[in-house]
Amino acid sequence: MKILFGILLILAGIVFGLWAGLWWAFIGGIIQVIEAVKATPVDALNVAWGIVRFAFSGIIGWAAVMVLALPGAALIGSSE
């Protein structure tokens, strides 16, 4: 049972990491910058936060994966 739960945690971590890194940070950062530039007047804070989200999307994605994948791997390792 621990192995199954560990595998599910790892898979959930991968899905969560893809969502957080790719969709929320990478694509969301690009959209935030575009929307902030289109605004009148230009909102510099939203442009900056969009750039930060875009720049750190890889780190955000990997951190999101590790939040669930490391406990899943520990569960699999402890069941043997």
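We did not get these values from a lab; they are worked out from the coordinates using the rules stated. If you're wondering where the values come from, they're calculated on a predicted model, not measured in any experiment. Ideal geometry is used to build each Cβ from the backbone, glycine not excepted, and the neighbour counts take in all protein chains shown.
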Quiz item: Could we say that LEU9 is in a helix (DSSP H, G or I) and touching a helix residue (DSSP H, G or I) at 6+ places or on another chain (Cβ under 8 Å) here?
Solution: yes
Quiz item: Of all residues in region 25-80, how many are closer than 30 Å to GLY6 by Cα, over 19 Å from the mean Cα position of the chain (by Cα) and not in a helix (DSSP H, G or I)?
Solution: 2
Practice problem: Considering every residue within region 12-22, establish whether at least one is in contact with a Pro (Cβ under 9 Å, 6 or more places away or on another chain) and not charged (D, E, K, R). | Solution: yes
Quiz item: If you take the residues in region 2-24 that are farther than 13 Å from VAL65 by Cβ and in contact (Cβ under 8 Å) with a residue 24 or more places away in the chain, which one is surrounded by the most Cβ atoms within 10 Å (Cβ to Cβ)?
Solution: GLY6
